[in-house]
Structures are given as structure tokens and as C-alpha cells.
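What follows is a set of notes on a single structure, which appears directly below.
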Amino acid sequence: QVQLVESGGGLVQPGGSLRLSCAASGGISSQSVMGWYRQVVGKEREMVAVISSGGLTNYGASAKGRFAISRDNAKNTVWLQMNALEPEDTAVYYCKVWSELRQYWGQGTPVTVSS
């Protein structure tokens, strides 16, 4: 059973940085895709960034130029480095993994950007 454990969320001031991490256990494919989504109450969940096993990345419009996604295939871990954070980035951030035609979600880690 694949499990995703996220960490790194919290409270940060505008302009600050946070680094989220997500570790997958239970065995995922070496060809898996890993990514981050976020959701604000009352709004749809939106894609922040995704990365393939080969390192190809795709970013949502809100993340371009400020966020960077990376992964370690040996550790089945994906990170999201978030810089220049804005109050509009406040949301619950979810890790997602696509592996062997299945999708898995983490439990979410809250990020609050406020002074």
C-alpha cells in the first residue's frame, strides 16, 4: 500500500520561503510521476508543479518563477521549494503520485503566508 507523508508546511511572512517534502513508501514505480497540488477552501484543487522520473517538470501559472520542484528517485521523495511567497499562496498543499495507472494523495500540509 503506497503512502505519502508530507512535511514542511507552516506559517511564513510574505516574501519568505518554505520547502515542502513528500516521502512515498510502499513501493512506487520507477516511472512514477510526482507532484504538488494546492487547495483553498471553497475552490478547486490546482496543480502547482509535477516532475517525471526523468526530471521533466511542469508548473502551474502561479508557481512559475517562484517555486521549484525536485525529486530523489532512490528515496522516492519529492520537494517543493517555494520562494517569494505571497498571501495568495495560502492553502493546503497536497503531494500526488501517479504510479502504474494509479493515483495516490498525501494528507496535505497547510501553508499560511501572513504578516
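At least 3 residues that are within 21 Å of residue 42 (Cβ to Cβ) in each: list the strands (runs of 3 or more DSSP E) lying fully within the range 59-115 that qualify. Give the steps one after another, and end with the answer.
On the way: elements: 67-72, 77-82, 91-99, 102-105, 109-113.
The strands (runs of 3 or more DSSP E) meeting that bar are 91-99, 109-113.
In the range 1-32, which residues are among the hydrophobic types (A, V, I, L, M, F, W, C) and in a loop (DSSP other than H, G, I, E, B)?
Of the range 1-32, the ones among the hydrophobic types (A, V, I, L, M, F, W, C) are 2, 4-5, 11-12, 18, 20, 22-24, 28.
Result: 2, 28.
Any idea which of (1) farther than 19 Å from residue 61 by Cα; (2) exposed (fewer than 14 other Cβ atoms within 10 Å of the Cβ); (3) of a type in the set (Ser, Thr, Tyr) is the one residue 21 doesn't satisfy?
That leaves (2) as the condition not met.
So in the range 33-46, with the set limited to residues that are assigned to a strand (DSSP E or B) and either among the basic types (Lys, Arg) or more than 9 Å from the chain's Cα centre (by Cα) (or both), which one is surrounded by the most Cβ atoms within 10 Å (Cβ to Cβ)? Quick ask: steps written out before the conclusion?
First, the residues of the range 33-46 that are assigned to a strand (DSSP E or B): 33-39, 46.
Those still in the list that are either among the basic types (Lys, Arg) or more than 9 Å from the chain's Cα centre (by Cα) (or both) too: 33, 38-39, 46.
Working: 33: 20, 38: 25, 39: 14, 46: 14.
Taking the candidates together, the pick is 38.
Within the range 85-100, can one find any residue that is open to solvent by 40 Å² or more (accessible area, probe 1.4 Å), over 25 Å from residue 115 (Cα atoms) and among the aliphatic types (A, V, I, L, M)?
No - not one qualifying residue is present in the range 85-100.
Can you tell me how many residues in the range 7-60 are within 17 Å of residue 74 (Cα to Cα) and either among the small types (Gly, Ala, Ser) or at pLDDT below 95 (or both)?
Step one: of the range 7-60, the residues within 17 Å of residue 74 (Cα to Cα) are 21-35, 51-56.
Still in the list and also either among the small types (Gly, Ala, Ser) or at pLDDT below 95 (or both): 21, 23-32, 35, 52-55.
Matching residues across the range 7-60 total 16.
Show the residue pairs meeting these rules: Cβ distance below 7 Å; 6+ apart or different chains; first residue within the range 25-45 and without any contact (Cβ under 8 Å) to a residue 40 or more places away in the chain; second residue open to solvent by 80 Å² or more (accessible area, probe 1.4 Å) and of a type outside the set (Ser, Thr, Tyr).
26/1; 26/3
Right, residue 115: within 17 Å of residue 1 (Cα to Cα), surrounded by fewer than 19 Cβ atoms within 10 Å (Cβ to Cβ) and more than 14 Å from the chain's Cα centre (by Cα) or not?
no
I'm checking my understanding of the structure. Among residues of the range 60-84 that are over 18 Å from residue 3 (Cα atoms), open to solvent by less than 50 Å² (accessible area, probe 1.4 Å) and without any contact (Cβ under 8 Å) to a residue 40 or more places away in the chain, which one is nearest to the chain's Cα centre (by Cα)?
69
The values are calculated or read from the model by the stated rules, or taken from the named source; none is laboratory data. The model shown is predicted, which means the values in this text are computed figures rather than measured ones. Positions of Cβ are backbone-derived with ideal geometry, glycine not excepted, and every protein chain shown enters the neighbour counts. Heavy atoms of the whole protein, side chains included, go into the accessibility calculation; ligands, DNA and RNA do not. Shrake-Rupley method; radii C 1.70, N 1.55, O 1.52, S 1.80 Å.
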